[in-house]
Amino acid sequence: MDEPTILLGRLGMQALPFYSWVALCGALVTVGCGLGFLALVTWLGRWRDLWSGWLTSLDHKRIGIMYVILALIMLIRGFVDAIMMRLQQALSYSSEGYLPPEHFEQIFSSHGTIMIFFMAMPFVTGLMNFVVPLQIGARDVAFPAVNAISFWLTAAGAGLMLISLVIGKFSTAGWTGYPPYSEVRFTPGVGVDYWIWSIMISGVGTTLTGINFIVTILRKRAPGMTLMRMPMFVWTTLCASILIVFAFPALTVSTAMLALDRTLGLHFFTIDSGGNAMNYMNLFWIWGHPEVYILILPAFGIFSEVVATFSSKRLYGYTSLVYATAVIALLSFTVWLHHFFTMGASANVNAIFGIATMIIAVPTGVKVFDWMFTMYRGRIRFEPPMAFTVGFMCLFVIGGMTGVLLAIPPINYSTHNTTFLVAHFHNMVIPGALFGYVAGYMYWFPKAFGFRLDRTWGLRAFWFWAVGFTLAFMPLYVTGLLGMPRRMSSYANPAWHPWLILAFLGACLIFLGIVSLGMQLWVSIRDRARLTDATGDPWDGRTLEWSTSSPPPAWNFDTVPLVAERDTFHAAKQAAQPMPHQPADSFDMPKNSVSGILIGLGGFWVGFGAIWYIWWLAAAGLGLIAATMIGRSFAEHTEMRVTPGETGDVT
Amino acid sequence: MTMLSDTQTRSKESESDFGFWLYLMSDAILFGLIFATFVVMSPNLAGGPGGRDLFDLANLTLQTGLLLASSLTIALAHHTAANGRSIAATVFWMVLTALLGAGFLVLELRELAQFVSAGAGPQRSGYLSAFFTLVGTHGLHVAAGLIWIGTLIVQFMLRPASPAVLSRLARLTLFWHFLDIVWIGVFSLVYLPELI
């Protein structure tokens, strides 16, 4: 590599992906999609609408929708990585396969990074953004401008992730980036730096989201909505937000220290000069384990909403669900060491962490029973969100049981780093988290756009996903027990080969599941007249978001609802009464602001500059962020007064 | 209408205060983890110099004195502003706080530069990596606080009566006290054991 220059750092022609046709195709597709989008907006002449309606909007619903769009785009990118890996392992018995090992390593690293940070996190954050203020009867989140900053920092991280496909190479160190391998001595180049900066920048955005939602939920609920009257999704969002605020500093610290090691030659995790690599594992998983619950608790909340609505019954065991959620949140900080039982801590330490891990299965089990009892003797409607929920309950329990197995240190020693582990955590995050997000997407879509998603394609998507998941990951349990390590680009054991072919077929079914999701969206937009919902309450819902119009006005509720019990809206419908509400009033709503997108841009410059050692760019990014924050603090009249009814906008 | 507007403003400020407390809790975890890392790394001298060979009690006393004094002056700034005393007094205390904070930073940077030139830079050992990172993270916070104070001084002069500016000063005061508490942690965990 050439000596770094001041203007371009270590960026040069060698960064372009002409070294392999697979990488070149990836880069061309990425650039093509980006240019295609720009061309489309220009051709439609919609730049102004895009700018003022979306990019600078502080409306939590719009920001939520942008998060979900980002998540769906990244889902496709992460899935392409996944099916490439499955294809490689299906082909690479006693051969090289079609990917060189170094490229295979980049793919499993970017797959994990994308799916956790840029698919799951934006998806769940988007749903939280869209739904929570509506469910608590609020007109906005507590800090709308901060909310936009959170989104744009996440988008900046995702942008770095995508651009790594075009300029330079991505990390080969896995989504966890363990040192000493991820140190500059063993992995020079920009890959690990791309990984570090994309997740650190989006992590700052996530921390702000956590703060925003704690304040929103604790301070902006409608009159009468006591804590124990909050919908379950609000409770799970609250617990996940508390986890975010307390866990994400650990991610910032671990990645910042790794960056210091790599960029400035410090010795936090190196194998020489007094570094301590195991300290990284501790720091990383002090964030990493709560992160699992940050992803899954809101999904549990969605399942709770969906199961009550589509069973046409009050949620069974609400109080126990609240306490189970809180207990899971608390315990999630006490189990991080189970990610590295083989580190060599004493038997007693391992035993304590093993037992703490198993205890988490108890509140989780409580939840599963609550959902089943909610369905029991209910009038169940098998709409797509409900199908995903039932599928979750069946599949998730399997993952839970293998989790308890892995919590036993002696068993963990023999399955450590095998595909058994890979199967286990996919069993948690696909049926557990992703099915929940997809259920939430289909459940709240009519609220966001005023028409339902097509039922047939939704059910097709469910069956492809559920069967595809089973076929893709159950074989990995088997190969894990047969001793197959994870992340192998080729192997010579004939016993694994048939199982890996099966797993590839499973991935193909999941591909059809993703196609079905796309078809569902396409068909529904085409047939939106047929699927229109004029009532605002297409599912006979129970919670406040269904009491307003679809799509809701920018201020959510013309009059603030009054809450008298947990399912006030449902009770009002039963009694054939209108929803009780406060008298009409005037209130302030935030105007659009460019601060979010500017800070996101600054974050992107900081990251790109730090990755390529283009220090003037990183400094300019910091300057842009600081200038934007200071400028925003000087801005007056950032709000406008709204009086519903006067605008003629009221339904 | 005015009444309503006032309550809305007040509730917005209290939301901002609550949010800022949450940020401080998050930041406290961040420092806590760096402290923990420092403790883990403190025996890892790798044959390099330790705190005993490097630290200078006089410099440390002066640094600590400046920072503690700045905590008093920022409290006075907030006190005068909150009681509606003259803007000049508020601005005076804020300027004094900024000077004390800047003095602290200068002394800190001078000390760190001395270490580097004596061959005890952060690249020397795990211990020094952790030391520089802990002290440097605190120093970065102080520097950010200085930018914040500068901005607020200007805003106080432009809009002396704005409740929003007063509420920002309250949060800056919290932030500044927080940095003081962290420094007391640095003082007693990093410096003191080496100097006694």
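Data for the structure
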| quantity | calculated |
| --- | --- |
| Rounded to 10°, Cα long-axis angle of helix A:21-44 versus longest principal axis of chain A | 30 |
| For chain A, the longest site-free run once trypsin sites (Lys or Arg not before Pro) in DSSP loop states with at most 11 other Cβ atoms within 10 Å are removed | A:1-376 |
| A:Cys508, A:Cys25 arranged by Cβ crowding within 10 Å, fewest neighbours leading | A:Cys25, A:Cys508 |
| Over chain B: helical MRE at 222 nm, DSSP H runs n ≥ 4 each giving -39500 (n - 2.57), nearest 500 | -29000 deg cm²/dmol |
| Shape metrics for region A:440-525, restricted to C-alpha atoms - Rg then Dmax, Å | 17.3, 55 |
| C-alpha long axis of helix A:277-310 to longest principal axis of chain A, angle in ° | 30 |
| Value of relative contact order over region A:60-132, rounded to a whole percent, pairs C-alpha under 8 Å and six or more apart | 61 |
| Reachable lysines, given that their alpha-carbon falls under 24 Å from the alpha-carbon of A:Lys313 and they are not under 8 places away in the same chain | A:Lys367, A:Lys447, A:Lys573 |
| A:Val467 paired with A:His637, simple spin-label distance in nm, labels 7 Å along Cα-to-beta-carbon | 6.2 |
| Per-residue Cβ neighbour rank within 10 angstrom, fewest leading, A:Thr532, A:Thr5, B:Thr73 | A:Thr5, A:Thr532, B:Thr73 |
| Volume per residue of the C-alpha convex hull in region A:325-479, rounded to whole Å³ | 124 |
| Globularity index of the protein assembly as shown, i.e. its alpha-carbon radius of gyration over 2.2 N^0.38 Å | 0.96 |
| For residues of B:16-26, the mean tally of beta carbons on other chains within 10 Å | 5 |
| Order by protection proxy (mean Cβ within 10 Å, highest first), peptides A:194-200, A:108-114, A:330-336 | A:194-200, A:108-114, A:330-336 |
| Degrees between helix A:121-135 axis and first principal axis of chain A (Cα, 0 to 90, nearest 10) | 10 |
| Relative contact order (%) - criterion: Cα under 8 Å, at least six apart; region: chain A | 18 |
| Inter-chain Cβ neighbour average for residues B:39-48, partner chain, 10 Å | 3 |
| Shielding score for B:157-169, defined as the mean number of other chain Cβ atoms within 10 Å | 1 |
| Shape category assigned to region B:23-70 from the gyration tensor of Cα positions, a/c cut at 1.5 | oblate |
| Ellipticity estimate at 222 nm from DSSP helix runs (n ≥ 4, -39,500 (n - 2.57)) divided over chain A, nearest 500 | -21500 deg cm²/dmol |
| Taking B:Phe35, B:Phe175 and counting other C-beta atoms within 10 Å, the order from fewest to most | B:Phe35, B:Phe175 |
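Any read-out appearing in this document is the output of simple, stated calculations on the displayed coordinates, not a laboratory observation. Please read all numbers here as calculations on a predicted model, not as lab measurements. Cβ sites come from the backbone with ideal geometry, for glycine too, and all protein chains shown count toward neighbours.
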